[in-house]
Each structure stands twice: as C-alpha cells, then as structure tokens.
Amino acid sequence: MEAHEEKPIIYTMENKPIVTCAGDQSLFTSLYTSLAQQLPKEPMEWRRSYGRAPKMIHLEANFVQFKEELLPKDGNKALLTFPFLHIYWTDCCDTEVYKASVKEDMQRWQNILRLHSSVDWLIVVVESDAKKKNKTNILPRTSIVDKIRNDFCNKQSDRCVVLSDPLKESSRSQESWSSFLTKLRTLLLMSFTKNLGRFEDDMRTLREKRTEPGWSFCDYFMVQEELAFVFEMLQQFEDALVQYDELDALFTQYVLNFGAGDGANWLGSFCAPVRSWNGLLLRRPIDMEKRELIQRGEASLLDLRSYLFSRQCTLLIFLQRPWEVTLRALELLHNCVQELRLLEVSVVPGALDCWVFLSCLEVLHRIEGCCDRSQLEANCSHTVGLWTYATEKLKSLGYLCGLVAENGPTSEDLNRTVDLLAGLGTERPETVNSMQSPYKKLKEALSSVEAFEKHYLELSHAAVEMYRAIGRMRSARLVGKSLAEFYMRKGDPERAEGFLEESLRLYVAEGWSLQVTHTRKQMAECQKLLRQTDDYLQTSALLAGDANLNQEERTHFCQEILSFASQPPGPSDQTVALSMAAFAQLRQLQFSPPGAVVHVGAALQLELRVRCLMPVAVHVGQLAATLHFSLEQGGARGRAGSSQRRPGQGPQGQGDGVVLFPQGSPLSGAGCSLTPALELYEMQDRSPSDSSLNSAGVVCKNVHLLLRRHDSNASLDTPTAGVLPAAVAVDDGAQMLRARDVTLQPGDNSILFTAPTGEPGSYTLRQLCGSVGRVQFVQSHIYPVVQYEVYSQEPQLTIEPLSDNLLAGIPQRVKFTIATGHYSIKKGDALQLSNTDSMPILHSSRCSATILSSTGGQLPSPHEHMGERALSIQSSEKVTSISLPPTPPYHTLEFQLEVLCHIPPAPLKLDSERLTNGEVRHRSKSRSHADSAMIHIDQKVSIDCPWSIYSTLISLTFYVPFKAKHTLLSAGRRKYIQVCLQNVSDSNFHLADPVLVERQPTTTVELLSLNAKRQQLVCSQQSLFCLWEMRWAKDLPPCLQCEFSASFVPISALDPPAAFKTYRYEFQLDRVSTLYSVKAEICPASGDKHCRTGTLCGLEVSITRQAEPSETEGEEEESTEIEGLKTTKLMYEVVDNSSNWAVCGKSSGVVSMPVAPSATHRVQMEVMPLFAGHLPFPNIKVFKYLPHSAAQVIQPDTDSCLENDNLSLLDKGLDDQGDTASIRSRGSVHSVGSGEQQREQQRGLPMPRLEPFSPGQVFNWTQGRQVLVLPATDDHVMEVNVT
Amino acid sequence: MAVCIAVIAKENYPLYIRSVPTQNELKFHYTVHTSLDVVEEKISAVGKAMADQRELYLGLLYPTEDYKVYGYVTNSKVKFVIVVDSSNTSLRDNEIRSMFRKLHNSFTDVMCNPFYNPGDTIQSKAFDGMVSAMMVQAS
C-alpha cells in the first residue's frame, strides 16, 4: 500500500459489476479478452429514475463463471456481489446436439435464475463458418437461433443474440460484435436501473423507519454505503459522495436533535467516552477497521466521523477537488469538537487536541500527496486554516503538558502526557516507514521541551508565512503575537519584541484600542525584561494614560515612571525624554491680552489648559515651552499696522485670543487621525497704502498633513513605544515660557505663563517640555502654530484740527497727539514750537493734557484714561515751549491749543479783475465749495521734539472765509465802486463797518459811502454788496488804489461773542474816467409812428467824446495827426446777441474821432426788428482801433480774448487802406466788402489791432433802453412770442 | 443570537463593537479584527466590475472552534461583523441575513442623523438598543 501512496488512481475500487457466464466455458474463455477490452470502449447513456440527469457511462464488468451460490438469497442486500447479468454462451449449430444436451442445460440454467427471480439474462449464440463446414447436414443457421428464441425467449427475442465469427477480422464479424456489445450494455444498464431502483426503494423504506425504536443508524449506514459503493464502482463519484453527504447530514441532525433533548437510543453507543484519538486516516480507500466497528455498532463518534470523512475525502480527490477537502476538514474538526461537547462525551483533556492536530496534519499530508508544489502554494488560503488550527492545538497541548513552562514539565504534566500518548495507540502500518508522519510528529513534540519548541515554531512560522503570502496580515500578526507570547513564556523577550512591535503598529494604525492596550501591556513586560528603560517608560506612560485599563493598573504604570524619575541620576545617566502625548494633551491656549500683539516690555500672559492623562497627581518640576524668535514683521510695525493674520485666531476662528488644539478621539486616536479635517482660513490681502481689498481667498492650513503619504506617517505621529520624538534636545539659551513646580491633577489643569516681551519680533511656541525628575515629557511641535508678536514703536506727534477746516482770521483749536512709543517723557521734556508772525499761538491758562494708555495693541478703542495733567506753556519771542507732563512709554498724550492764522491783507496774488481765474491755488474742499472755491493758506509749524534731534515740520491748512470782488459802475460821467464780499465758509458772520479808502489819499477823490447799516449778518455762502460813489473835484487820477476793510466776527451759539476782526481787501482801479458816450436812436420807417416787425428801421449811433484823454490814456490811444486834426480811431460794431434784430447792411466800421471835447460822430444803419414788443436795443460795442504800425507794441496786459477778436477781424478782411481813404473822403464809415478783400494782399501786411476799453471808459446810454415794435399789419399769422 | 456585533469603518477602525459582557471582550476584538482579512479578500474577489450589483452579505467569513463569524459590507465599505456561537445551531443563513439587514437599516438611521459626524464612533442609543435585541441575553 505504501508504494501506491503517490498515485491516486490506485484507490479506484477493484470491484466491477459482476456478470456470470454459463454454457460453453471454453468458448467464453476464447472470447473473454476481446470482450473485456471492447465493453468499456464506448459510452452508453444511462437514463435514470427520479428525474436524475442522464449520464454517459463507460461500462466494465467482472465476468465470472455462473454458480448458483452467486445468486443473492432473500434478504441479502449486498449490491457489490450482486450479479447484474447472466449470460449463456453456446456455439451449437447442430439441431441434434441442441436437442440432445444444450437445450436441457439452458433449461436448467433458466430454472435456477427463475428461482431467484432474476430476469437479467442473455443467450449468446456464436457462429463460425469453420464449424459449419464440418457438418454438411446442417439446418440453415437461423434455425438454431429461432429454436432457442422459440424455446426460451417468448416475446423477448432480444434476449438471444448471435455473434458471428468473433475471432475473424471481417466486417461482418465487427458488425456482429458491435451489435452484441450494444445489446450487452443496454441490458446491463437495464439491470442497473432495475436493481438499483429496487435497492433505493428498500433503502428509503428503511430510512422512513428511523423513528421506530429498534432502528439503528449503523445498519442504515451500511445499506446506504452499499449504494455509494455501487456508484463508486460505476465511477459515479458524484453520486457516491451524495450518499455519504446524506449520511453525514442525517447523523448531524440526530446529534443536534439530541442536543435539543430528542435523543435516539442508538446514539448511546456514540456517547461512549473517547478512548482513542489517533486522528483521521486518509490513506486507505476504505478503512475496514472502522467500517467493521460501525457495522458492529461499536464505533465511537470520532470513529464514525473519521470513517465518513475518509470516504468523502477519497471521493473528493477522485473528483479532483482537493481544496474542498481542506474546507470540509476544518468544518469537520470544528464540528466534531462541538458535537462531543453537545453529546457530553467525556474526553481526556488534551485528547481532542491530539485528534485535531493529527487530523489536520493528515489532511494536509493527503493534499500534499495529490497536488504538486505550485498548486499548493497557489492555494495557501485553503490550507492555512488547517495549519493555524494545528498550531493552536499544539500550543494548547504544550501548555497542557507543561512544555512551555520555563522549568519544564512537572510529574503531573508527564502523567498527562503519558495518558495522551496512550490514546494515540500504535502507529498505523501505512505510516510506520514514513519519517514525517503526523503520529511521529506529535509523539516527538510531546516527548521533550526542545522537540515541542521545534515543532511549534516550525508550524507557527509556516502559518505566518502563508498568511503573509496571501495578504492576510492581520491573521499573520495574530499568530505572530501568540508566538511572542510563547517566547515570553520561554523567557526570550528579544525574539518576542519584534512580533509585538509589528502587531502593535498594526493595531495602532487601524485604531483598535483594546488590542493596542493588550499588546502594549505585553510590550511593557517585554521591554522591562530587556531593560530598555526609555522604551519601557514610554510604554508605561502610554499605559498609565490608557482609559482601557483600570485605575489600579494605570497607577502601577504611573508609579513605574515616578519611581524612576525620583531616582538620583547615575553618572552616565541622562534625562529620559518621553513623548508628551502619552502624558498630557493640550486643550487650549489663551492669550491675555487676546490680540497677542503687545509692545516691548508689556505684560503678556498665556493660559495653557492641559488635560493630564495620568491617573494620579504628578508634580512637574518645570513646564517650559521653547520659543522661536524671529525678527520678521516685528519691531518696525506701527501700532496701527494692518496685520492680516491675527495670531490669536485659531482654526476655530475665535478672535478672542484662544487657540484650541485639535482633539483626537481618545478611543480611536489613530483611526481618526488618518484623515484630518480640512482647516480653512479666510485670507484677505489689503493694499498697504489705503487698506483697500486687493484679493480675498481661502487657504488650507494643513495641506502638509493632508497630502503626505499615509503609509509612512503611521509610525511617525503616533507615539508607539520605541519611536521617540527626534528633536528633544532642549536649548537652554533660547527664550522660553516657564512655569515651575506645577502639580498636574488628573484631568484638566490650567497653567499660567508670562511671556517674555523683551525684544520686538514674533515669537512662536515650538516645544513643550515637562520635567518630572529625570524624566522629561516633550512635545516636539505644537500644532496649530501659536505665536505672539512684540512690537516697538517710535514716538509720534500729530496735530490735527478739531473742526473740518481751519479758518483763517479766527482763533482755531488744534489737537496735539503724542504717541509716546518706546520713549518715556520725563519731567522737563518740552515741545518747542517755532513762532511765526502769521500764526501766533494763543495759549490760555486753562490748558491741560490727557494721558491715555493703549492696552489693546492696534485697536484705538480700548484706551484707558489715565488722568489729566496741567500743561505749562511759555512763549518767548521766537519759540513757544510746551512742557509735557511725564508720560510712560506706549501711552498717548493729548492736548489742545488755539492758534490764529492772520489773513494776509492783500488779495493773495489776485488780479483784481479776475478773481475766479485759475491762477490762484485753491482746493475745493467739499462739494458745497465747488462753485466758490476757498482760498487756503498752508501754514508750516516747526516743532522740536525731545525724542528727536530733528525738527518736525507740520503743515496746517487754513481757509480764508471771505472772498471779495469789486466792480466799477458808471452813470454818464459819475462813477461808483461796488465791493462784493462773499462768505465762502460754512459758518455765519457778523459784518460791520465796511470802509473803502484810498491807499494813497489824494484830495481830489472823495469816496462817498452809500451803505446804510452798520452791522449785518452774512450767512454761509451769502454775499454782501457795498457801494461807494466817487466824487472828484478836478481830474480823476488815472489809477486809483483802494483798500476795502470790514470787521467780522463769527456767530457761534456756544462761544461768547468774540472781538471783531478786520478783513482787508486791496484793489486798484485804472482808467476810471469816461472817454466816450454812445447814444443810439431807432427811428421807424418814414411815415410810421412805431417800428413794425419786418420793416427796416433806421439806427442812428452817435459816439461822443466826453473827456480828453489823459496823459496815460493818450499814450495808450493811438492818435494820428491828419491835416492838423488829431483824431483817434475807433471801431464800432452792432451785434444783437438775442437775435431780436437783424442788422442790415454793414454792422461795423471804423471811425476817426477828433481829439476834441464833445466831438460827436454819427453813424446811420438799418436794422429790422424780428419780433413785436418792447425790444431792447441791439448792442453797440466800441473798441480802440490800433493800426498796424502800433500793433508791434506789445501790450503788457493784452487780453487773449481780444487777440481772438483781432483774428476774427482779420477774417473779415478789412482793408486798412481803403477804409481810411473812405473816411477821409466822405467822413463817414465806408463799408468795405468782406468778399472783395484778397488774402494775398493781406499776407505780409501788418495787421491792425482792436483793443477794448476798460469798463467805465465807454458809457452806453442805450444800456437797458427798449423800443416798442408793433407787429406787421399784413401779417396773417399772428406770432406771439413770450419770453 | 449573536455574541458579538461590530461595525467597522471603511478605514478598518471600529465604529461600534459590542460583545456579550460576560465573555472575553478582548478575544472578540481580536476575532473581529482578524476577520477583516477575509472581508477584504472577499471584497476584492468579487471584482470591480460586479461592484454595482454586488451582494452585500459576505456569508461565513471563517469558522473557529467556538464561533462562526459572518460578514456584511455596505456600498460605502463599512463592514458589519456578527459573531455567533458555534453551538448555536438554530441560526440559519437566512436569519443571519435578516440580522445584517436590520443592522444596516439601523446604521443608515445613525448616518442620517445630522448631529452624527461620519467617522465618529456610534453612540446612538437607538442603535445600541437594536444591537442589544440581537445579542444573546447574558444571564
């Protein structure tokens, strides 16, 4: 048998269905070889009852000589030995012979069959030509067959077949063979169907009787197994397996029923105590020993299960399903253990372990026997369960027999071992020669501690390797951990450590806290043995803070640390640095003041909330946080600096100086930290100049956490034992927050730190370190980033007006603000203001300063009032000195002073005629001033500050509240001066005593005031007009220099009425006297009383010289001497801007005025009124006409508008020459056609120029006159013009 | 009924795990954790193509001598594991399935709670009560 072990086909049943042969034995013998060969060659379809699928089947048969004993007797249900077909062979071809003997023989044969009610028979008649030739007097060959058929096969003619010349190679012979074989197969199958059907029916009947008291499972087992055997014999392994599975299920059901209280009698035999536990035996096709036990009803549960499984295993291997064997094996082993428990079968402790161990190995060996290595490796997942199970069982055996204990087995253990070995019995003959049999392994393993260790490690490592190979890392770690436990038991912590570490890492990474705690406890034990002090303390710290442990255990581990910490350090010992995370968790940090921005030297406190995880109060000698100092942003920052990032703002976005530290859930710290939440911040970028928003965005602060690789981080940020924070070296030189002698109670603690603010810059908390004796708990980085800023500020002086605008001429209050910054104002420090005449400082006695302390950093609101101090102000000729009260640094000193800015007397760089022209620098301060711009005066103040060697130059802008305008008015020769004073400020004034005087008083001119009231109210944006008449005795001076002055006082509801101040306005009047008067008369057309629209009227313009031009005027006015007569050329122009009139014919011309008083020049023109009504006269303009020779003279005050007029005149193309000629000849204005002038002539000629008269030089009598115009009589259309 | 019921997050950390209090809790934690090996194996064995109409019930993950471990995985890869005593033979596959279905429904209710933060351990009393009803009542 041993030799066959490697070839599975050997296990095929030797049995074949039995076919008996009667008749001519020698004939059969000659045919047997070919028959046995041919029969299985072709498959035959087997149709089956009960709806079972038809199958193709290759038939084989075991041909035996017919004996009466072969026929089954009544009641014998054995199927294996059942003859399925009986064949009678004959080659008789002689009727005589047939009649003489053969028939009789057949008859006897038939009788026997009939006696046993067997209907499956066949008669074969073999014919051969050779035999036929010997006998001449033979009947036709059919006759014998016919006879036989006639005699035996009534109605069953197919029961007799003819085989012709079977030993010849002729086609006829083959044909007859094939038909014979078909017949044979058909009959065989018919017999199977019939007999098996009958058998199954009987079997079912038997099964239905199972509730009857005498029923025995074992008997039934034998019956159904018979069926299974037949199927196996027919190579129908599937069907055979079904039979065993049915038996299996039936038995299982009985056991379960038994468990439910419904016990069957026959189960009693299976409840017998287990005496033998020699495991499965899978190396035989049929374990006859066990089968016999079952047959005798003496089998134990294990025997039955073992036998059943061995049969199933055999069939499964026939079916090429080895992996199902392993699955079923595991199931079977678990099931058996359960069933024994359920049936309350008494078992020697360890016996089942032995049985399971042996069985596992047996199954594995069996599988190895039928698969090659690659197949085995590819299917580790199927076998690994068995390996692990065997490992577990061996381990528990080892513990049971004292093989794991450090000092070896005791005598009790040895006794137990002997008992267990006894139950194994002797080794089975199949494996006696095999070196690696499970039996030998177990015996060896139990024999000695060393052997056990060898086998156990071998198995464990194999299991670990397999789990690794198929990627079941968790299972591998679990086996590894039990290995570690084994090593620990053996006192070998070095080898245990690796396994524990691997497992611990996995559990931590996946966040299984109970496992973590359990493994860590083992780790602590291991590290303690290994004297890895640091690691042990770290693990202890973690365990002391582990909520899964009870208080007692936690206290134990905490004491371990504390007792180590309190030991005096040896010479070589250094402090031990442990991770803070195990010791305490940071909860929150609060800044006070909350802005976390303070000036140098200010007090800044940090309150740190820490949750101490230790079970008992721990006294911490020093708790220190190292600070990283950087200069960036710091010192140079002003107090109002716009810091976009508020350090006090934690991820939770609180602005009250609280930083919350993210809390990992204590239960599944690692699990949750695998995916940290996004931490988003709002970011605003403001431009530094006007703090307008440039851009806004969202920033993810913890990108580095989110985007890093996951596999590598698990060990980094989860503080497993043995992994210590790298940067634990504490730099003593660095600045740090320090708290000494803190006792941390279990739970939340609050610790107050005073932050160093010695130097400006930003301080970032980096490391937190708590020292307990020799032990330091270190948190290498604090996240989120906590930082505060210390700034230093230069002292600063600002002066700003109290009101919107400072007005010149009135005392105004200005506010002095001194931000002391880092400078402390000492007694005797003073501000030195250099005096200017235009802006005296009015100091009163009741001057006091306010000192404010700024506590809130950059926010101006939280100022704290510190009190008022008197200011003493001394004024000397040049300097006003303000002595400041002593003020500490980073405070604000405020006081107010009154200043007055004198209004400069002269109109500031103003041309008298053109006040609103763009020459004057002015600003429109507000919208209300847009139309009437205020004149402003920039006043510079130079101040010497005690903190600086340089003077501070501060500019104040004052606005002149008034604007004056003057006008010269004429009435004939009489002259008036009008001054308009406009209040352009926002306040109201009283005005009094407007006075107009000549600056250089001449006796000739007298100014007569026409103003009535003494005092008048001028509201904001209102004007006051004053009028003076000029009287003169002799001649008017060509130039008159005047000064207007008025007293004003602001009207204020609050302040008492102040003294009047004077506003002065100087101006100069030139060319005052009237030179010419222009009169015009409109005469209606002849015969008409009134002018009518549409009819031409005469316009007579008369220009009269009023006075001789004075010396200066004469210079200006070009006069020409013509024939002894001094004349002046004037140009007139009639324009009607309102288009009331149409000027017909020429509208302009040049006249020469004789230089004589009352010289008059008349001009006639024609105009046509266009509308009816009282129409104003058309405008008549008179200009000085300067011929070309005088044009070269550059007038200093040439008006640009006149030049334009000049050009437009040019366009009209006045012919100078012709014009003068006409004047000379006719003495009247001669029209020069504009069309006839030629530009060619003009070019190169000097241009004549026009120049206007000063206002007042020409008096127009028609100014304001109107003439009545009647509508045309024949107008059918009435035009009404309403204006 | 069950002796241990566990809900395990996609990342394989326990969201909820409860066992019969009289028994060794740690052992169940180990058992459930180890069963994740098989769960992962089964999930990957199904393949990605079939992921849509995949059966959520994974069946028996692995038997041990004392316990049977059954698995179930939701579409969001949250795993349910139920451990049943091997001696408890009255439980059939269908009953296990219905237990998982109930568990899944209750778990869905927990997830629908706006105050529940996905990924946190399950504290819901309703869920706890439902699990208790499925557990062996420890005497």
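A short reminder: the numbers here are calculations on the coordinates, not readings from a lab. Predicted model, so just to flag it, every value in this text is computed and none were measured. Positions of Cβ are generated from backbone atoms using ideal geometry, with glycine treated the same way; all protein chains shown enter the neighbour counts.
Inter-chain Cβ neighbour count for A:508-514, averaged per residue, equals 6 (cutoff 10 Å, partner chain atoms only). Taking a Cβ cut-off of under 12 Å around A:Val363, the surrounding Lys, Arg, Asp and Glu residues balance to a net charge of -1, with basic ones at +1 and acidic ones at -1.
Local charge for A:Tyr389 was computed over the other residues whose Cβ lies under 12 Å away, with Lys and Arg +1 and Asp and Glu -1, and equals -2. Rounded, prolate or oblate: which one fits the stretch B:64-113, using the alpha carbon gyration tensor with axes a ≥ b ≥ c (rounded when a/c is under 1.5, else prolate when a/b beats b/c, else oblate)? In terms of gyration-tensor shape, prolate.
From most to least packed by mean Cβ count within 10 Å, the peptides A:192-204, A:17-29 give A:17-29, A:192-204. Averaged over residues, the count of other Cβ atoms within 10 Å places the peptides A:227-233, A:335-341 in the sequence A:227-233, A:335-341, highest first.
Dipole magnitude for the stretch B:2-134: about 280 debye, using +1 per Lys or Arg Cβ and -1 per Asp or Glu Cβ, origin at the Cα centre.
Averaging sequence separations of C-alpha pairs under 8 Å and six or more residues apart, then dividing by the length of the stretch B:14-104, give the relative contact order as a whole percent.
Answer for the stretch B:14-104 is 19 percent.
With neighbours defined as other Cβ atoms within 10 Å of a residue's Cβ, the residues A:Phe357, A:Phe82 order from fewest to most as A:Phe82, A:Phe357.
Tell me the net charge near A:His556. Cut-off is 15 Å between Cβ atoms, A:His556 excluded, with +1 for each Lys or Arg and -1 for each Asp or Glu. Intermediate values should be presented prior to the final figure.
Numbers: positive: A:Arg520, A:Lys521, A:Lys528, A:Arg554; negative: A:Glu525, A:Asp546, A:Glu552, A:Glu553, A:Glu560.
Around A:His556, the charge tally is -1.
Between A:Tyr50 and A:Leu342, the FRET efficiency from the beta-carbon distance, with R0 = 41 Å, is close to 0.75. Counting Cβ atoms of other protein chains within 10 Å of each residue's Cβ and taking the mean over peptide A:463-475 gives 3.
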